[in-house]
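**Student:** Can you keep this structure in mind? I'll have questions shortly.
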Amino acid sequence: MAEDQFPGWHGTTIIGVKKDGEVVIAGDGQVSLGQTVIKGSARKVRRLSPGGFDVVAGFAGSTADAFTLLERLEVKLEATPGQLARASVELAKDWRTDKYLQKLEAMLIVTDGSEMFVITGAGDVLEPEHDVAAIGSGGNFALAAARAMMDSDRTAEAVAQDAMAIAADICVYTNGRLTVETIMPADNPVES
């Protein structure tokens, strides 16, 4: 079916906020096909624990593609325990060069509590400016809202939840059913 004949899947907003030693990734639950909401309670934020280290990942894009990428990330993390940056770069390299992976349509926000990255199929591993990252249909709305709140006395979780509420009010592909995962650097003690 030609792309212009298929309405396309839409619907995800994922935000990562790092503030005062706390890192939160939150995502909405809406999946839409064209103008129809297919599911309102999808879980697009997941906690991974490869090699005994906790990592939280949120994904936007095709769910099957995102699960493939999360599985690959877990393998990379098992090979390099406690080295999220290295595992993320290795995943991005594979994603960019592997003919099968190149067709995957998703983006990830990942964190281990001390580092946070956006990983894309273009080979990008981006550390967000201002300790906020957002992806997906309502990502720009959530990003703007969160950045406006970063100097307030709100916690990272409150910033993420409030920013997602604003995105849900603006973006028709985003809803208010959130999955929120919090991680602190203390969750991943440094191996000696």
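**Student:** Only residues that are closer than 24 Å to Met184 by Cβ and either more than 17 Å from the chain's Cα centre (by Cα) or buried (at least 23 other Cβ atoms within 10 Å of the Cβ) (or both): list them for region 80-93, please.
**Tutor:** Hits for region 80-93 are Thr80, Pro81, Gly82, Gln83, Leu84, Arg86, Ala87, Ser88, Leu91.
**Student:** Can you pull out every residue in region 29-57 that is over 15 Å from Glu115 (Cβ atoms) and within 12 Å of the chain's Cα centre (by Cα)?
**Tutor:** Residues satisfying the conditions are Arg43, Lys44, Val45, Arg46, Arg47.
**Student:** What are the residues in region 58-79 that are buried (at least 16 other Cβ atoms within 10 Å of the Cβ), in contact (Cβ under 8 Å) with a residue 24 or more places away in the chain and either touching a His at 6+ places or on another chain (Cβ under 6 Å) or under 20 Å from Asp112 (Cα atoms) (or both), if any?
**Tutor:** Within region 58-79, Gly58, Phe59, Ala60, Ala66, Thr68, Leu69, Leu70, Arg72, Leu73, Glu74, Leu77 qualify.
**Student:** Please work out which residue is farthest from Ser114 (Cα to Cα), limiting yourself to region 11-20 and to residues that are of a type in the set (D, E, K, R) and part of a strand (DSSP E or B).
**Tutor:** The selected residue is Lys19.
Quick grid of which residues meet (1) crowded, with 21+ Cβ neighbours inside 10 Å; (2) touching a Leu at 6+ places or on another chain (Cβ under 8 Å); (3) modelled with pLDDT of 95 or more:
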{"site": "Ala106", "(1), (2), (3)": "yes, yes, no"}
{"site": "Ile119", "(1), (2), (3)": "yes, yes, no"}
{"site": "Gly123", "(1), (2), (3)": "no, no, no"}
{"site": "Ala158", "(1), (2), (3)": "no, no, yes"}
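**Student:** Mind listing whichever residues of region 30-47 are at pLDDT 85 or above and surrounded by 17 or more Cβ atoms within 10 Å (Cβ to Cβ)?
**Tutor:** Gln30, Ala42, Lys44, Val45, Arg46, listed by residue number.
**Student:** Without any contact (Cβ under 8 Å) to a residue 60 or more places away in the chain, of a type in the set (Asp, Glu) and more than 22 Å from Ala85 (Cα to Cα), is that true of Asp124?
**Tutor:** no
**Student:** I'd like to know if region 173-191 contains one or more residues that are surrounded by fewer than 19 Cβ atoms within 10 Å (Cβ to Cβ), in a loop (DSSP other than H, G, I, E, B) and among the basic types (Lys, Arg).
**Tutor:** Yes, region 173-191 has at least one match.
**Student:** Something else now. Quick check: is even one residue across region 94-101 surrounded by 22 or more Cβ atoms within 10 Å (Cβ to Cβ), of a type in the set (Ser, Thr, Tyr) and either over 29 Å from Thr174 (Cβ atoms) or under 15 Å from the mean Cα position of the chain (by Cα) (or both)?
**Tutor:** no
**Student:** Note down all Cβ pairs under 6 Å where the first residue falls in region 135-155 and is at pLDDT 95 or above and surrounded by fewer than 21 Cβ atoms within 10 Å (Cβ to Cβ), the second is outside any loop (DSSP other than H, G, I, E, B) and not aliphatic (A, V, I, L, M), and they're at least six residues apart or on different chains.
**Tutor:** Arg147/His130
**Student:** Mind listing just one residue for me: the one in region 159-192 that is among the small types (Gly, Ala, Ser) and out of contact with any strand residue (DSSP E or B) (no Cβ under 9 Å at 6 or more places or on another chain) and, of those, farthest from Pro50 (Cα to Cα)?
**Tutor:** The residue in question is Ala165.
**Student:** Right, here's the next one. All but one of (1) within 24 Å of Ser49 (Cβ to Cβ); (2) out of contact with any strand residue (DSSP E or B) (no Cβ under 8 Å at 6 or more places or on another chain) hold for Ala144; state the number of the condition that does not hold.
**Tutor:** Of (1) within 24 Å of Ser49 (Cβ to Cβ); (2) out of contact with any strand residue (DSSP E or B) (no Cβ under 8 Å at 6 or more places or on another chain), only one is false for Ala144: (1).
The values are calculated or read from the model by the stated rules, or taken from the named source; none is laboratory data. Keep in mind the model is a prediction, meaning the values are calculated, not measured. With ideal geometry, Cβ positions are generated from the backbone for all residues, glycine too; neighbour counts draw on all protein chains shown.
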